[in-house]
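A quick write-up on the structure given underneath.
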Amino acid sequence: MAIDRLREGDAQALPVHPEDFTLSGDPWALFAAWMAEAEASEPVDANAMALATAGPDGLPDVRVVLLKGYDPRGLVFYTNAESAKGGQLLANPQAATVLYWKSLGRQIRARGPVSPVTPEEADAYFASRHRDSRIGAIASRQSRPLLDRPTLMAEVAALAERYENGPVPRPEHWLGFRIAPVQLEFWQNGAYRLHDRVRFTREGDGWARARLYP
């Protein structure tokens, strides 16, 4: 069966959303409402988002990260700043991202400049992680070649022993990044691909709103 044929019978299976979200005047209120619905309906990682950056050659790069905070200042995620994406963001501090929820037939896109969160914010989030995740973050030389898994697990075991009786400190290179959107777009699946879309574009301290063709 051709992949496109899978969509032929979708009209009766789409989620029902009676409200017209394209009339919203506040993108962050709409973002919060959609996130709340996603957290209630999406079976795994409602906060998963694809993050697109660009390397020094201009070639785009993309991977999935977890959204760990959001407010009118922007969208926050955490990573090893010595990883591929960390290096790209430090060299070219702008990014695009998309959250997609199949259970709701919705997605949110955002793009804008990126800046590190404060050390205090990074410390607080790092301390909230499971102890084993903190140790793993120190052990991993993220994005660099690894000989084999036993090598990684040996480093994890050594660090677990080292910090057995004390706190696990945040490495300086383990940072949070905040995307400050200059655009936010909300997309909702429609029957026969007649989707609903609205794009908010930053204008000074406010937002310009435009409904878009599918």
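The values are calculated or read from the model by the stated rules, or taken from the named source; none is laboratory data. Predicted, not measured: the structure shown is a model, and the values here were computed from it. In this analysis, Cβ positions are derived from the backbone assuming ideal geometry, glycine residues included, and neighbour counts consider all displayed protein chains. These area figures cover heavy atoms from the full protein model, side chains too; ligands, DNA and RNA do not enter into them. Shrake-Rupley method; radii C 1.70, N 1.55, O 1.52, S 1.80 Å.
Before moving on, here are some points about what is shown:
- Counting DSSP beta bridges with both ends in the range 69-214, the antiparallel % (nearest 5): 100 percent
- Each Lys and Arg adds +1 at its Cβ and each Asp and Glu adds -1 at its Cβ; summed about the Cα centre, the range 114-214 shows a dipole of about 500 debye.
- Charge tally for residue 155 (other residues, Cβ to Cβ under 14 Å; Lys, Arg +1; Asp, Glu -1): +2.
- Gaussian network model of the chain, springs between alpha carbon atoms under 10 Å - residue of 189, 165, 80 with greatest fluctuation: 165
- Tensor-based shape of the range 127-177 (alpha-carbon gyration tensor, a/c under 1.5 rounded, otherwise prolate or oblate): oblate
- Segments 138-147, 16-25, 114-123 sorted - mean Cβ within 10 Å per residue, highest first: 114-123, 138-147, 16-25
- Principal axis dimensions, the range 150-214 - Cα atoms, whole angstrom, descending: 57, 36, 18
- 3J(HN,Hα) from dihedral phi, the range 195-210, Karplus parametrisation 6.51/-1.76/1.60, rounded to Hz, x for glycine, proline: 6, 9, 9, 9, 10, 9, 10, 5, 9, x, 8, x, 9, 9, 10, 9
- Span from the the range 14-73 Cα centroid across to the the range 178-214 one, whole angstrom: 12 Å
- In plain terms, the chain from residue 65 to residue 160 could stretch by 31.7 nm, reckoned as 0.36 nm per residue minus the Cα-Cα distance.
- With protein chains left intact and a 1.4 Å probe, residues in the range 80-214 average 58 Å² of accessible area per residue.
- Per-residue 3J(HN,Hα) values for the range 91-97, derived from phi via the Karplus relation 6.51 cos²θ - 1.76 cosθ + 1.60 with θ = phi - 60°, read 7, 9, x, 8, 7, 10, 8 Hz in sequence order (x marks Gly and Pro).
- Share of Cα-Cα pairs in the chain lying beyond 27 Å, as whole percent: 43 percent
- For the range 13-53, a Kirkwood radius taken over Cα pairs fed into Stokes-Einstein (37 °C, viscosity 0.692 mPa s) yields D = 271 µm²/s.
- Among 131, 199, 162, the largest mean-square fluctuation in a Gaussian network model of the chain (Cα springs under 10 Å) belongs to 162.
- Couplings 3J(HN,Hα) of the range 144-159, computed from phi: 9, x, 10, 4, 6, 5, x, 4, 4, 5, 5, 5, 4, 5, 5, 5 Hz, in residue order, whole Hz [Karplus 6.51 cos²θ - 1.76 cosθ + 1.60, θ = phi - 60°; x for Gly and Pro].
- Fluctuation leader among 62, 156, 44 - the chain, Gaussian network, Cα springs under 10 angstrom: 44
- The angle separating the long axis of helix 119-128 from the principal Cα axis of greatest extent in the chain is about 90 degrees.
- Mean Cα-pair separation over length for the chain, i.e. relative contact order, pairs under 8 Å, 6 or more apart, %: 22 percent
- The range 60-99, accessible surface, carbon-and-sulfur percent (1.4 angstrom probe): 58 percent
- In degrees, nearest ten, helix 27-41 long axis to first principal axis of the chain (Cα): 80 degrees
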